[in-house]
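The values are calculated or read from the model by the stated rules, or taken from the named source; none is laboratory data. Only a predicted model underlies this, so the values are computations on that prediction, with no experimental measurement involved. Note that each Cβ is placed from the backbone with ideal geometry, even for glycine, and that neighbours are counted across all protein chains shown. The protein model used for the area step is the full one, side chains on, heavy atoms only, and it has no ligands, DNA or RNA in it. Shrake-Rupley method; radii C 1.70, N 1.55, O 1.52, S 1.80 Å.
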Amino acid sequence: MNKRILSLALAGVLSLGLLTACGGNQEPAPETDTPAVESPTGTPETEPTPTPEETVLPETTPPAEESPSEEPSDTPSAKPSTKPSTPPSSAPSTQPTPTPAPVEPEPTVDVVQSTWNAISQLDIPSLSDVDAETLSALYGISTDDLVSYVCKMPAISVQATEFFIAEVKEGKMDAVKAAVEKRQADLVQQWSQYLPEQLELVENYQLVTSGNYILFAISEHADQAVSAFNSYTN
């Protein structure tokens with residue numbers, strides 16, 4: 001038992017010696033009292049760089065938002081200038097002279113229509129136009145033989161006033177004139193059995209020609225109708 005205790009004690013002494021040896025190799029760094037030598041150039045102390053969290057951003061003032069409920073101020077922001085920016089010119093501006101529109105010539109009216117226009121100004125009763133079919137039935141004249149024509153008959157059957165004015169095609173005047181004379185003879189027979197005062201107008205008819213133009217007039221103004229016809233055909 002004493003040997004065991006001795007062995008344990010020896011082991012402890014060896015262990016302590018080993019620990020002491022290891023610890024003795026680490027010598028503490030000698031302290032020096034030598035003050036730090038300042039740089040002769042006087043290098044300024046470097047300020048520590050602030051961390052991102054410590055960086056202070058410049059203060060910015062956000063634009064003031066107008067409240068939708070606020071009414072706009074009636075006071076103008078700036079007093080308007082009372083002087084015009086550009087002085088008016090003393091000389092009056094020259095306006096371009098408008099070019100007058102060209103005068104369109106009046107449409108040419110043929111002799112037939114012109115003659116009728118003059119006759120229609122006379123004191124005659126209301127008359128109606130005679131179409132080509134009626135002209136062929138009453139006068140026996142085909143419009144194929146005419147260049148142009150105007151034929152007027154009374155709107156009521158108690159008047160004998162009648163006009164026929166036409167420009168006849170070359171070589172057709174004799175046939176057209178004969179047809180007009182036959183029409184006058186038929187009217188004499190008609191009005192001799194009906195109204196004697198109208199028969200007098202039919203008997204005093206006027207039938208004249210000038211070149212290729214012809215006028216047949218039954219009217220109390222037949223002579224004036226002839227004068228109008230001659231003024232356009234002569």
Legend entry - Residue check, Leu199 assigned to a helix (DSSP H, G or I), of a type in the set (A, V, I, L, M), open to solvent by less than 80 Å² (accessible area, probe 1.4 Å) and over 20 Å from Val130 (Cα atoms): yes
Legend entry - Residue match in the range 207-230 (condition: more than 23 Å from Val111 (Cα to Cα) and either crowded, with 16+ Cβ neighbours inside 10 Å or of a type in the set (Gly, Ala, Ser) (or both)): no
Inset, instruction - Would you be able to tell me the number of residues in the range 155-165 that are at pLDDT 90 or above and either within 50 Å of the chain's Cα centre (by Cα) or more than 15 Å from Tyr194 (Cα to Cα) (or both)? - result: 4
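State whether the residues of the range 155-166 include one that is surrounded by fewer than 16 Cβ atoms within 10 Å (Cβ to Cβ) and touching a strand residue (DSSP E or B) at 6+ places or on another chain (Cβ under 8 Å). First the steps, then the outcome.
As a first pass, look at the range 155-166 and keep what is surrounded by fewer than 16 Cβ atoms within 10 Å (Cβ to Cβ): 155-158.
Then keep just the ones that are touching a strand residue (DSSP E or B) at 6+ places or on another chain (Cβ under 8 Å); that gives 155.
The answer is yes, given that some residue of the range 155-166 is surrounded by fewer than 16 Cβ atoms within 10 Å (Cβ to Cβ) and touching a strand residue (DSSP E or B) at 6+ places or on another chain (Cβ under 8 Å).
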Inset, instruction - Of all residues in the range 135-150, count the ones that are open to solvent by 40 Å² or more (accessible area, probe 1.4 Å), out of contact with any strand residue (DSSP E or B) (no Cβ under 6 Å at 6 or more places or on another chain) and not in a helix (DSSP H, G or I). - result: 2
Legend entry - Qualifying residues in the range 130-147 (those that are over 51 Å from the mean Cα position of the chain (by Cα) and not polar (S, T, N, Q)) - the one farthest from Phe216 (Cα to Cα): Ala137
Legend entry - Residue within the range 117-132 that is under 19 Å from Leu195 (Cβ atoms) and open to solvent by 60 Å² or more (accessible area, probe 1.4 Å) present: yes
Legend entry - Count of the range 148-167 residues which are closer than 12 Å to Phe216 by Cβ and among the hydrophobic types (A, V, I, L, M, F, W, C): 7
